[in-house]
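Reading through the structure tokens given below for one structure.
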């Protein structure tokens, strides 16, 4: 019992106010049941409670109960009975478009992780390629995109090798194609092909120095044979050094871009990856020879494992393996001459 001071009225007992569960002014997004929106849309489109229940796979009383909750939330009847079913009120008509948009956005969020349609996508795939990989893979890959994903775009980005790990991890690039000895072990990789180096020169050069058809470079290159080096390719540079040919190098190139012109007009030999050498030899008369101890290395596709489940990423990985993977389709057969010229 509460006692008041003499001459003063007793103060009313203090009570805790209950939350206004049904006050629409207190309605928050987290209080809204997604099933209520689905029920609203079904009733709005069917104009009939029974048909809405069948569409939703629930009982008619469940739909009626959901409508009761919606009416309390929005302080509106929303749907009124007619001789054939129900009709929306003006408030329900205004709500309908917003409800459709909200449900569509939620569906897009749910579908984003599992939906990828190559023939309609406009996705940009960003690839880092060594100059060798660009020459070897890009023409065939572009042709495949034209057939299967005509709206998709391939963007090639040059990334310094010291930044390659960061670029893959951050998603700045989707894939790196090539042979990168310093790539992190945290990255996924798959071998697209195994490559080796060969000796390439114009046919007239081979005739000038009188090389036999079965010649194998093994530290015994003719004294008058001069070389051009491609410095961006470490395996080529290592073979020049191993066979004592660096003193005969007359020019050092950063990439393969001017090699076709040198083969056409020059009188030089080059040590190049075999795939690139065959490409150049298919366009003009050249001679190709084996190199002793050339060895092989893997040309890989690298990506970060956090993109393993991305549907577009999975699609491009499968395409790369289909086009280039060892034991699958022969690489480059779509754009090289059917037969390389015989060695001179």
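Based on the mean of other Cβ atoms within 10 Å per residue, sort peptides 293-299, 313-319, 150-156 so the most packed one is first. List each step's numbers first, then the result.
Details: 293-299: 15.4, 313-319: 17.7, 150-156: 13.6.
Listed from highest to lowest mean packing, they are 313-319, 293-299, 150-156.
Based on Cα coordinates alone, diagonalise the gyration tensor for the range 29-109, multiply each eigenvalue by 5, take square roots, and list the semi-axes in whole Å, largest first.
Values: eigenvalues 71, 42, 32 Å².
In descending order the semi-axes read 19, 15, 13 Å.
Report the FRET efficiency, 1/(1 + (r/R0)^6), for residue 120 and residue 207, where r is their Cβ-Cβ distance and R0 is 45 Å, rounded to 0.05.
On the way: r = 55 Å, r/R0 = 1.22.
Once the sixth-power term is evaluated, E becomes 0.25.
Percent antiparallel among DSSP beta bridges with both residues in the range 197-291, to the nearest 5? Write down the numbers at each step before the final one.
Working: 8 of 15 bridges.
Around 55 percent of the beta bridges assigned by DSSP in the range 197-291 are antiparallel ones.
Based on the Kirkwood radius over alpha-carbon pairs, what value in µm²/s does the Stokes-Einstein equation return for the translational diffusion coefficient of the range 220-289 at 20 °C and 1.002 mPa s? Let's see the in-between values first.
On the way: Rh = 12.4 Å.
Translational diffusion coefficient: 173 µm²/s.
With each pseudo-label sitting 7 Å past Cα toward Cβ, what's the residue 188-residue 309 distance in nm, one decimal?
1.2
Over the Cα atoms of the range 137-241, each weighted equally, I'd like the Debye log10 I(q)/I(0) at q = 0.14, 0.20 Å⁻¹, rounded to two decimals.
For the range 137-241, the Cα-only Debye profile gives -0.82, -1.13.
Considering all projection directions equally, how large on average is the shadow of the alpha-carbon convex hull of the range 106-158, in square nanometres? Intermediate values should be presented prior to the final figure.
Details: hull surface 17.3 nm².
Directional mean of the projected Cα hull area for the range 106-158 stands at 4.3 nm².
With r as the distance between the Cβ atoms of residue 108 and residue 59 and R0 = 35 Å, compute the FRET efficiency 1/(1 + (r/R0)^6) and round to 0.05.
On the way: r = 30 Å, r/R0 = 0.86.
Approximately 0.70, to the nearest 0.05.
Ranked highest first by average number of other Cβ atoms within 10 Å, how do 183-190, 133-140 line up?
Values: 183-190: 13.5, 133-140: 20.6.
Result, highest mean Cβ count within 10 Å first: 133-140, 183-190.
If we sort 32-42, 191-201, 267-277 on the protection proxy, mean other Cβ atoms within 10 Å, highest first, what's the order? Please list the in-between numbers first.
Numbers: 32-42: 17.1, 191-201: 21.1, 267-277: 22.9.
For the peptides 32-42, 191-201, 267-277, the packing ranking is 267-277, 191-201, 32-42.
Coordinate-derived values only; no laboratory data. Keep in mind it's a predicted model, so treat the numbers as computed, not measured. Cβ coordinates were reconstructed from backbone atoms using ideal geometry, including for glycine residues, and neighbour counts include every protein chain displayed.
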